[in-house]
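Structure first, commentary second.
The values are calculated or read from the model by the stated rules, or taken from the named source; none is laboratory data. Worth saying up front: this structure is predicted, and the values here are computed from it rather than measured. All Cβ positions, glycine included, derive from the backbone under ideal geometry; neighbour counts span all protein chains shown. The protein model used for the area step is the full one, side chains on, heavy atoms only, and it has no ligands, DNA or RNA in it. Shrake-Rupley method; radii C 1.70, N 1.55, O 1.52, S 1.80 Å.
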Amino acid sequence: MRYAIANWKMNVPPEGIDKYVEACAAAEPAAAELIIAPPFPFIAELRSFAGDRRIGVSAQNCSDQISGAFTGEVAAAMIRRAGAESVIIGHSERRKIYGESNKTIGAKLVRATEVGLLPVFCIGEELEIRESGGTDQLLERQIGEALEIASGAGEMVVAYEPVWAIGTGRVASTEIVAETHARIREILRRSGQPEAPIVYGGSVTPENARELARQPEVAGFLVGGASLSSAKMLQIRDALAV
Ligand code: PGA
């Protein structure tokens with residue numbers, strides 16, 4: 001299975017949610033599954049617009065707790081009940097801005113899978129780490145520490161998102177993507193998730209998607225900026241049909 005995941009972050013597409021979903025629903029079926037990750041309050045709305053029209057709905061985060069006195073948090077079970085089937089976990093913005101650790105992310109993976117949400121588990125290095133040759137070690141830690149906690153977790157998708165490529169217009173080269181995805185596959189084999197599809201994220205556009213989609217071990221894309229246009233998102237999804 002290949003995935004085209006639209007991460008709207010804290011935005012709503014300028015064309016409006018209904019027009020966006022209509023455009024996606026009207027598009028020809030494709031080789032890749034389209035999943036839209038809106039801010040929390042739009043999950044139920046998106047699910048009802050999307051109906052059974054082959055559009056997946058995802059949250060962008062969930063709590064590491066089941067329920068209780070955690071003001072401002074949203075539990076995985078609540079997200080499931082609102083109609084989502086998946087949840088993005090450990091996005092670099094969550095790690096960097098909100099200080100999420102690998103352990104917290106591991107707990108979130110457990111929370112998601114225990115209620116039947118497919119986690120999209122994000123990993124990726126900062127520029128200084130890449131330049132100093134520490135990428136493999138960092139990815140090893142991000143995966144190892146989270147999956148140690150989530151060792152019993154079921155199916156998941158892994159998203160490789162180099163932080164220096166997110167929202168910068170600086171997409172990773174096809175060489176870096178191919179090499180890093182191969183390395184991630186090795187780590188996943190040793191970490192109890194040998195089959196998890198690996199998607200790439202970081203400045204994916206309709207212009208670069210086709211070439212990236214041809215790289216081995218690229219099972220799809222996690223898209224930020226370009227996902228705010230249904231036309232661009234559909235072109236990116238269709239690039240996965242190679
Ligand atoms: P971008 O964001 O496509 O705008 O680089 C990707 C992401 O943060 O998931």
Among residues of region 193-207, those that are away from the ligand (no atom under 13 Å from the Cβ) and either at pLDDT below 95 or open to solvent by less than 10 Å² (accessible area, probe 1.4 Å) (or both), counted: 2
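Going by the conditions given, is residue 71 of a type in the set (Ser, Thr, Tyr), at pLDDT 95 or above and in a loop (DSSP other than H, G, I, E, B)?
Taking the combined requirement at face value, the residue satisfies it.
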Members of region 9-51 found to be under 18 Å from residue 118 (Cβ atoms) and among the aromatic types (Phe, Trp, Tyr), listed by number: 40
Single residue of 241, 153, 178 found to be at pLDDT 95 or above and hydrophobic (A, V, I, L, M, F, W, C): 178
Residue within region 208-217 that is of a type outside the set (Lys, Arg), touching a His at 6+ places or on another chain (Cβ under 6 Å) and within 16 Å of the ligand (Cβ to nearest atom) present: no
Given (1) touching a Ser or Thr at 6+ places or on another chain (Cβ under 8 Å); (2) closer than 17 Å to residue 89 by Cα; (3) among the aliphatic types (A, V, I, L, M), index of the condition residue 188 fails: (1)
Residue list for region 225-235, restricted to those being open to solvent by less than 20 Å² (accessible area, probe 1.4 Å) and more than 10 Å from residue 5 (Cβ to Cβ): 226, 230
Residue among 209, 182, 196 that is touching a residue at least 40 places away in the same chain (Cβ under 8 Å) and of a type in the set (A, V, I, L, M, F, W, C): 196
Criterion (within 16 Å of the ligand (Cβ to nearest atom) and under 22 Å from residue 101 (Cβ atoms)) met by exactly one of 76, 59: 59
Members of region 121-153 that are open to solvent by 20 Å² or more (accessible area, probe 1.4 Å) and without any contact (Cβ under 8 Å) to a residue 12 or more places away in the chain: 128, 129, 131, 132, 133, 137
